[in-house]
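The values are calculated or read from the model by the stated rules, or taken from the named source; none is laboratory data. Everything quoted here is computed from the prediction, not taken from an experiment. Note that we place each Cβ from the backbone using ideal geometry, even for glycine, and neighbour counts take in every protein chain shown.
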Amino acid sequence: MQALVDTTAAPGAASARPRDVPPTLAARYDAVRARTVALVASLDAEDMVVQSMPDASPAKWHLAHTTWFFETFLLGPNVAGYDVFDPVFAYLFNSYYEAVGPRHPRPLRGLLTRPTTSHVMAYRAHVDGAMRALIATGVPAGLEPLLRLGLAHEEQHQELLVMDVQHLFAQSPLKPAFDPAWPSPEAEGAGRFRPVGGGPVRIGAVDEAFIFDNEGPAHTAWLEPFEIADRLVTNGQWLAFMAQGGYRRPDLWLSDGWAQCQQEGWTAPLYWEHDGTAWSHMTPAGWCPVDPDAAVVHISYYEADAFARWAGARLPTESEWEHAVRSRADLKQVDGVAWQWTASAYAAYPGFRAADDAVGEYNGKFMSGQMVLRGGASVTPAGHSRPSYRNFYRAGQRWMFAGLRLARDVATSPDRDRLAFLRDTLAGLSSTPRTFSPKYFYDAAGSELFEAICRTPEYYPTRTESALLAEIAPELAAAIPPGAVLLELGSGASDKTRALLDAAPWIDAYVPVDISPDALDGAAARLRAAYPSLAVHPVVADFTREIGLPKALAGRPVVAFFPGSTIGNFTHEEAASLLRSVRAQLGADARFIVGADQVKDLDVLLAAYDDAAGVTATFNRNVLVRIGRELGGDIAPEAFAHKALWNAERERIEMHLVSTADQSVTLAGQTFDFAAGESIHTENSHKFTPASFARLAAAGGWRIEREWISDDPAFGIYLMTAY
């Protein structure tokens with residue numbers, strides 16, 4: 001009959017004889033009630049009466065309503081001779097319980113100057129005395145779940161009290177603080193996606209001493225494998241969304257959300273203000289600068305959904321969220337920071353049935369028109385939330401401490417992972433020395449520029465390797481078995497691939513793997529036209545993470561192809577790790593054809609990476625263009641000069657972007673200062689000798705079967721087999 005489940009007492013046990021209540025129940029009652037009073041200790045009487053909007057309630061009303069709950073549902077019906085403090089309070093402080101009787105309209109709660117705050121505190125003392133007496137004399141087993149519900153109910157109003165007073169104070173030009181000593185949640189920074197398995201999973205409360213009725217019944221749900229972020233979305237990531245026009249792009253928004261965004265003029269999360277220089281926002285501790293590494297809060301479901309779409313991800317369903325939290329111990333900020341929007345509408349679980357009395361109205365009648373949030377917030381009392389806990393709000397509400405944790409389908413392409421690009425760029429700008437990952441060179445413009453580099457007179461590697469491939473193609477073809485799959489890493493335009501396809505027409509399938517979908521689409525179309533009988537299976541992926549060989553090709557012999565001396569872009573440790581990864585994914589029977597540039601005259605090397613026409617310089621600076629376009633950074637490409645240099649100790653060409661003046665750049669709310677001459681290290685191109693490449697191959701689990709070295713400018717092609 002209650003809107004809860006208590007695993008310590010079976011339903012219908014109200015007639016059981018009284019039993020001794022554990023001492024912890026009395027202590028818990030006192031602690032919960034005392035915390036509510038402590039929360040309002042810094043408020044004045046004027047603060048306690050005002051209602052800032054219909055969705056909020058005055059602090060005084062929260063103090064009285066939580067007390068009314070104990071009086072109405074525990075003391076009145078169960079304590080003989082209980083003296084009701086004031087019968088009028090049943091009308092003033094009933095929230096939504098239709099079965100109990102009429103109530104004062106919610107939007108008018110702020111007009112209740114009477115009873116005074118002191119009278120409400122006297123009401124609390126009166127009820128507390130009666131409740132302590134009830135607990136001391138022994139609570140019937142059937143009433144203990146109701147008492148626990150009353151305590152959990154008050155904890156929910158503690159959350160609401162902070163939310164409502166913060167909203168009230170945010171309307172004041174004086175910018176008062178709810179509690180200047182209120183601690184800020186620890187900033188965790190940007191997160192990473194973690195894999196979560198699928199299949200049939202149990203959802204709902206299990207072995208909990210107390211739950212709300214909406215947390216059950218436990219049931220089985222089917223989930224496909226997915227990935228979930230191990231941290232919440234940060235303010236810095238949200239600033240990038242804003243800089244990229246997130247609040248101005250209807251293509252990112254649900255229709256109702258876009259309408260509300262336009263009607264209410266949303267341009268940032270609730271409580272954010274910009275003073276012309278920086279963003280600040282209202283917190284329980286008062287107005288504070290926006291911390292880029294802290295989790296974003298005070299966003300609606302509509303905003304969360306739009307951000308997820310912008311980020312190339314989505315919101316998790318509530319079943320995915322619960323399963324991930326139960327199955328992965330490495331997820332951070334599960335509670336204690338922000339309630340997390342899910343993609344699930346608030347609805348009853350299979351088999352749910354609300355109780356048929358007034359307390360049955362607690363949750364069930366709200367299961368319409370709202371979205372589920374999971375986890376706990378910074379205002380949530382310790383121990384109140386749990387993995388099965390379900391919060392719920394309307395999609396357009398923002399004053400609660402709501403944030404988001406992203407999810408994505410396993411098939412989501414890493415190149416669409418805008419947050420990974422942002423995370424890696426911020427990390428590179430924060431490091432000493434500053435660095436960028438070269439994989440972010442290859443958007444559509446970057447891929448075209450690289451092909452243009454390959455056509456410059458100074459850039460010998462492409463021409464030299466292509467000529468060598470044409471010369472040795474018959475020998476390479478002899479190592480490719482019939483029906484083989486040719487898998488190319490970092491395929492780009494797939495031009496060099498044709499030498500192998502022409503020499504080995506028995507290749508059945510070609511799998512180009514590249515981070516750029518634009519380059520893949522063009523290359524796949526050209527190859528399908530030129531080789532009609534060849535099955536082309538393009539894979540958009542970061543091959544340093546996974547290769548992604550299509551399941552339809554499983555079991556066939558595989559020959560991997562890695563031309564262009566791309567292996568030289570990695571440090572020796574990274575290259576060895578990549579070689580081991582390829583071996584592990586393709587198996588011991590695979591063969592690997594790798595192109596690797598050779599050590600040579602310094603003038604030839606430097607010219608190849610700093611051509612007279614400036615194509616390489618444009619290619620290098622294009623990553624700054626991409627940062628501005630996709631991440632909203634204000635880095636001016638023309639304020640950085642391209643530089644190529646030879647690192648003799650490491651036998652590599654290094655490319656840098658050198659600041660031409662003292663300057664500051666901003667990305668995702670963080671400012672980075674550059675002195676004139678300070679550089680960002682953008683790319684390496686290691687050069688090899690036959691001996692040094694053999695050592696690298698061995699470190700990666702491969703043996704050199706054959707090698708071919710061209711005439712000057714020397715370039716090497718290596719055929720390798722797995723150890």
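Have a look at 367, 400 and point out the one that is surrounded by fewer than 21 Cβ atoms within 10 Å (Cβ to Cβ) and either over 30 Å from residue 517 (Cα atoms) or in the same structural domain as residue 626 (by TED's automatic domain parsing) (or both).
Numbers: 400 fails: surrounded by fewer than 21 Cβ atoms within 10 Å (Cβ to Cβ).
After ruling out the rest, the residue left standing is 367.
What number of residues within the range 260-280 are polar (S, T, N, Q) and under 22 Å from the mean Cα position of the chain (by Cα)?
1
Within the range 640-721, which strands (runs of 3 or more DSSP E) (wholly inside it) include 1 or more residues that are in the same structural domain as residue 592 (by TED's automatic domain parsing), over 28 Å from residue 421 (Cα atoms) and out of contact with any Asp or Glu (no Cβ under 7 Å at 6 or more places or on another chain)?
702-709
Where in the range 267-345 are the strands (runs of 3 or more DSSP E), entirely inside, with at least 1 residues that are out of contact with any His (no Cβ under 9 Å at 6 or more places or on another chain) and of a type in the set (A, V, I, L, M)?
Result: 339-345.
Can you pull out the residues in the range 45-60 that are of a type in the set (D, E, K, R) and within 32 Å of the chain's Cα centre (by Cα)?
Selection gives 55 alone.
Give the residue that is modelled with the highest pLDDT, with candidates limited to residues of the range 539-568 that are in a strand (DSSP E or B) and surrounded by fewer than 22 Cβ atoms within 10 Å (Cβ to Cβ).
Checking each candidate, the answer is 539.
Which numbered condition trips up residue 584, out of (1) in a loop (DSSP other than H, G, I, E, B); (2) modelled with pLDDT under 95?
Residue 584 satisfies every listed condition except (1).
Could you grab the pairs with beta carbons closer than 7 Å, sequence gap of 6+ or different chains, first residue in the range 83-109 and hydroxyl-bearing (Ser, Thr, Tyr) and surrounded by fewer than 18 Cβ atoms within 10 Å (Cβ to Cβ), second one modelled with pLDDT under 95 and not in a loop (DSSP other than H, G, I, E, B)?
96/361
Of the residues that sit in the range 19-70 and are of a type in the set (Ser, Thr, Tyr), assigned to a helix (DSSP H, G or I) and in contact (Cβ under 8 Å) with a residue 60 or more places away in the chain, which one is surrounded by the fewest Cβ atoms within 10 Å (Cβ to Cβ)?
My answer is 36.
Hey, among the residues in the range 117-131 that are farther than 17 Å from residue 88 by Cα and in contact with a Phe, Trp or Tyr (Cβ under 7 Å, 6 or more places away or on another chain), which one's surrounded by the fewest Cβ atoms within 10 Å (Cβ to Cβ)?
That would be 130.
Tell me, which helices (runs of 4 or more DSSP H) lie completely within the range 423-525 with 2 or more residues that are buried (at least 20 other Cβ atoms within 10 Å of the Cβ), assigned by TED's automatic domain parsing to the domain that holds residue 538 and modelled with pLDDT of 90 or more?
Filter on the range 423-525 gives 460-477, 497-503.
Restricting attention to the range 618-635, which residues are in a loop (DSSP other than H, G, I, E, B) and either without any contact (Cβ under 8 Å) to a residue 24 or more places away in the chain or touching a Cys at 6+ places or on another chain (Cβ under 9 Å) (or both)?
none
With respect to residue 380, is the statement that it is polar (S, T, N, Q), under 30 Å from residue 284 (Cβ atoms) and assigned to a strand (DSSP E or B) true? Don't jump to the end; show me each part of the working.
On the way: polar (S, T, N, Q): yes; under 30 Å from residue 284 (Cβ atoms): yes; assigned to a strand (DSSP E or B): no.
Answer is no for this residue.
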